[in-house]
1. Is it true that some residue in segment 52-66 is closer than 21 Å to residue 101 by Cα, in contact with a strand residue (DSSP E or B) (Cβ under 7 Å, 6 or more places away or on another chain), among the aliphatic types (A, V, I, L, M) and surrounded by fewer than 18 Cβ atoms within 10 Å (Cβ to Cβ)?
2. Against the condition over 13 Å from residue 3 (Cα atoms), modelled with pLDDT of 90 or more and either of a type in the set (Ser, Thr, Tyr) or out of contact with any Gly (no Cβ under 6 Å at 6 or more places or on another chain) (or both), how does residue 22 come out, does it pass?
3. Report the residue count in segment 67-77 for those that are surrounded by 16 or more Cβ atoms within 10 Å (Cβ to Cβ) and either more than 11 Å from the chain's Cα centre (by Cα) or under 24 Å from residue 90 (Cβ atoms) (or both).
4. Suppose we keep only residues that are farther than 14 Å from residue 84 by Cα and of a type outside the set (Gly, Ala, Ser) within segment 2-15. Which one would you say is nearest to the chain's Cα centre (by Cα)?
5. Output the residue which, of all residues in segment 80-102 that are in contact with an Asp or Glu (Cβ under 9 Å, 6 or more places away or on another chain) and modelled with pLDDT under 95, is surrounded by the fewest Cβ atoms within 10 Å (Cβ to Cβ).
6. Starting from residues that are part of a strand (DSSP E or B) and either on the phi > 0 side of the Ramachandran plot or touching a residue at least 24 places away in the same chain (Cβ under 8 Å) (or both), keep the ones in segment 21-62 and report whichever is nearest to the chain's Cα centre (by Cα).
7. From the list 84, 74, 96, which one is touching a residue at least 40 places away in the same chain (Cβ under 8 Å), in contact with a strand residue (DSSP E or B) (Cβ under 6 Å, 6 or more places away or on another chain) and either under 22 Å from residue 1 (Cα atoms) or part of a strand (DSSP E or B) (or both)?
8. Have a look at 18, 29 and point out the one that is surrounded by 17 or more Cβ atoms within 10 Å (Cβ to Cβ), touching a strand residue (DSSP E or B) at 6+ places or on another chain (Cβ under 7 Å) and aliphatic (A, V, I, L, M).
Amino acid sequence: MLVELDVFSGRANPRWRLDADQEQRVRALQRELPEREDPAAEPPGLGYRGFRYTLDGVPWRAWNGTVAGRGRGLDDPGRTVERLLIELVPPEYADLRERIAWELDRGS
């Protein structure tokens, strides 16, 4: 599974592949999330805009306590999917981990 950290404007966002075990961890977390009653908010135009990835052909965005994809919204108030994906950021993007963790803590 390819993951993109949607954080930059004017340059390419960091992207990396998860191995099968990592993908299963994301899939298991997402499967446990309840459906939202209202639509997920759109991320801002600048700054941290969440993580984007595709599962079973459906593009998803984990941002601000929601996981949204193809008209569905899942409620993730603990931001568990985002926090897991921060853990899985590869070493070459490690400098972004602290910045994104701060964003998550600020928004919680």
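1. No - not one qualifying residue is present in segment 52-66.
2. Values: over 13 Å from residue 3 (Cα atoms): no; modelled with pLDDT of 90 or more: yes; either of a type in the set (Ser, Thr, Tyr) or out of contact with any Gly (no Cβ under 6 Å at 6 or more places or on another chain) (or both): yes.
Answer is no for this residue.
3. Quick first cut of segment 67-77, residues surrounded by 16 or more Cβ atoms within 10 Å (Cβ to Cβ) only: 67-69, 73-74, 76.
Those still in the list that are either more than 11 Å from the chain's Cα centre (by Cα) or under 24 Å from residue 90 (Cβ atoms) (or both) too: 67, 69, 73-74, 76.
Looking only at that region, the number is 5.
4. First, pick out the residues of segment 2-15 that are farther than 14 Å from residue 84 by Cα: 2, 6-15.
Remaining after also requiring of a type outside the set (Gly, Ala, Ser): 2, 6-8, 11, 13-15.
Working: 2: 11, 6: 9, 7: 11, 8: 14, 11: 19, 13: 13, 14: 12, 15: 12 Å.
The extreme case among them is 6.
5. 97
6. Step one: filter segment 21-62 for residues part of a strand (DSSP E or B), giving 35, 51-55, 58-62.
Subset that is either on the phi > 0 side of the Ramachandran plot or touching a residue at least 24 places away in the same chain (Cβ under 8 Å) (or both): 35, 51-55, 60-61.
On the way: 35: 17, 51: 3, 52: 6, 53: 7, 54: 11, 55: 12, 60: 8, 61: 5 Å.
Ranking the qualifying residues of segment 21-62, first place goes to 51.
7. Working: 84 fails: in contact with a strand residue (DSSP E or B) (Cβ under 6 Å, 6 or more places away or on another chain); 96 fails: in contact with a strand residue (DSSP E or B) (Cβ under 6 Å, 6 or more places away or on another chain).
74 is the lone residue from the list that is touching a residue at least 40 places away in the same chain (Cβ under 8 Å), in contact with a strand residue (DSSP E or B) (Cβ under 6 Å, 6 or more places away or on another chain) and either under 22 Å from residue 1 (Cα atoms) or part of a strand (DSSP E or B) (or both).
8. Working: 29 fails: touching a strand residue (DSSP E or B) at 6+ places or on another chain (Cβ under 7 Å).
After ruling out the rest, the residue left standing is 18.
The values are calculated or read from the model by the stated rules, or taken from the named source; none is laboratory data. Since this is a predicted model, take the numbers as computed values, not measurements. Note: ideal-geometry Cβ built from the backbone for every residue, glycine included; neighbour counts use all protein chains shown.
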